[in-house]
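Student: Would you mind keeping the following structure in view while I ask a few things?
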Amino acid sequence: MSIAREQPTKKTFDIRQLILPISALLIVAYFLAPIIWQVLTSFKVNADISAIPNVYIPKRITFEHYLSLFQRRPFALYILNSAFVSITSTLLCLAVGAPAAYALARLRLWGERIILATVTIVTLFPAVLLFLGLLEIVKALGLGNNYLALIIPYTAINLPLTILVMRSFFQQLPKDLEDAAKVDGYNTFQMLWQIVLPMTFPALVTTGILTFISAWNEFIFALTFMTRESLKTIPVATAQLSGVSVFEIPYGPIAAATVLGTLPLVLLVLVFQRRIVQGLTAGAVKG
């Protein structure tokens, strides 16, 4: 009696298994290519920047472009200006937007649908269309070359988004905790401050970072309302960089300024990466 040998099954190669990783790699390369190009340009010498054909990977590295930013202009002051305006407007958005979002999520307000519709419309409204009106208000109140000329518009523009995002998180919290807090004698403010907000900390971080990035990158208002050199922000200072002559475009210093202007945002996202992921995925699975 012969026993038939079992033939080993051959593993067939399926090209569909490579589609997802290759697609992900191409997407990452597509988005990282301009960033890598800017970083490399900021370290190139001027001869390599203007060389034909292009020098993609520099063999000579220089820090002259970064040093020139701080030697010719008060670039450190521009960073502090952007940080102060962005942080202040972000804190104001969270301080005003969180209680407003909680009220819309938990309290029965008259005209709640109208309020939500108005907030949504304002969120979708292009901020640049408010430019002329804000300009007249700034001129009438004498807020030109004043930090308030940027803090107030940034807060007003980002506040509707803060309310909508925080409201969705408040709605996902179990209401039993709030009922138990009321039994223990907590008032609405104490319950919001001591119980609700700590539970929504990832949402606060996510919303705060979105608001901070929006304020940090804003250009039109900062360009118009801040004409004094000591009050300019990074986007405006970067756009106004000039070369030795009128016909020279300082590609190196512009690339260096772009890297320095983006670095705080990158560090901010890396530090709060876990909180951002928790905030973005909160409520995705209900059980």
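Student: Compute the Rg to Rh ratio over the chain from the alpha carbon atoms, using the Kirkwood formula for Rh, and round to two decimal places. Spell out each step's value before the answer.
Tutor: Working: Rg = 26.0 Å, Rh = 23.1 Å.
In the chain, Rg relative to Rh is 1.13.
Student: Sequence gap of 8 or more, or different chains, plus Cα separation below 28 Å: how many lysine pairs satisfy both in the chain?
Tutor: On the way: LYS44/LYS59; LYS44/LYS232; LYS139/LYS232; LYS175/LYS286; LYS182/LYS286.
Taking the chain as the scope, the lysine pair count is 5.
Student: If you wrap the stretch 1-144's Cα atoms in a convex hull and average its projection over all directions, what's the area in nm²? Intermediate values should be presented prior to the final figure.
Tutor: Details: hull surface 97.5 nm².
Averaging across all directions leaves 24.4 nm² for the Cα convex hull.
Student: About the Cα centre of the chain, how large is the charge dipole given +1 on each Lys and Arg Cβ and -1 on each Asp and Glu Cβ? Please answer in debye to the nearest 20. Kindly include the intermediate steps, with their values, before the conclusion.
Tutor: Working: 21 positive and 13 negative charges, 106 e Å.
My answer is approximately 500 debye.
Student: Compare LEU265, LEU231, LEU132 in a GNM of the chain, Cα atoms joined below 10 Å, and give the one with the largest fluctuation.
Tutor: Taking springs between Cα atoms under 10 Å, the residue moving most is LEU132.
Student: Just report the Cα centroid separation between the stretch 103-167 and the stretch 14-53, whole Å.
Tutor: Each part reduced to its Cα centre gives a spacing of 38 Å.
Student: Between ILE121 and VAL266, what length in nm is gained on full extension when 0.36 nm per residue of separation is reduced by their alpha carbon distance? Spell out each step's value before the answer.
Tutor: Details: separation 145, 0.36 × 145 = 52.20 nm, distance 3.03 nm.
Full extension of this stretch gives 49.2 nm more.
Student: Here's a follow-up. Based on the Cα atoms of the stretch 220-274, what semi-axes does the equivalent ellipsoid have, where each is the square root of 5 times one gyration tensor eigenvalue, given in whole Å with the largest first?
Tutor: Numbers: eigenvalues 130, 57, 10 Å².
Semi-axes, largest first: 26, 17, 7 Å.
Student: Once amide H atoms are built 1.01 Å from N in the peptide plane, which residues 5 or more positions from VAL55, or in another chain, come under 5 Å H to H?
Tutor: none
Student: Separate question: Please return the longest range in the chain lying between exposed loop sites, taking trypsin sites (Lys or Arg not before Pro), DSSP loop only, at most 16 other beta-carbon atoms within 10 Å, and leaving the sites out.
Tutor: Numbers: sites that count: ARG5, LYS10, LYS11, LYS59, ARG60, ARG108, ARG228, LYS286.
Maximal segment without exposed cleavage sites: 109-227.
Student: Contour minus end-to-end for TRP193 and ALA83, with contour as 0.36 nm per residue of separation and end-to-end as the Cα-Cα distance? Mind dumping the intermediate values first?
Tutor: Details: separation 110, 0.36 × 110 = 39.60 nm, distance 2.60 nm.
Extra length from TRP193 to ALA83 when fully extended: 37.0 nm.
Where a number appears in this text, it was derived from the coordinates with a stated rule and is not lab data. Predicted model, so just to flag it, every value in this text is computed and none were measured. All Cβ positions, glycine included, derive from the backbone under ideal geometry; neighbour counts span all protein chains shown.
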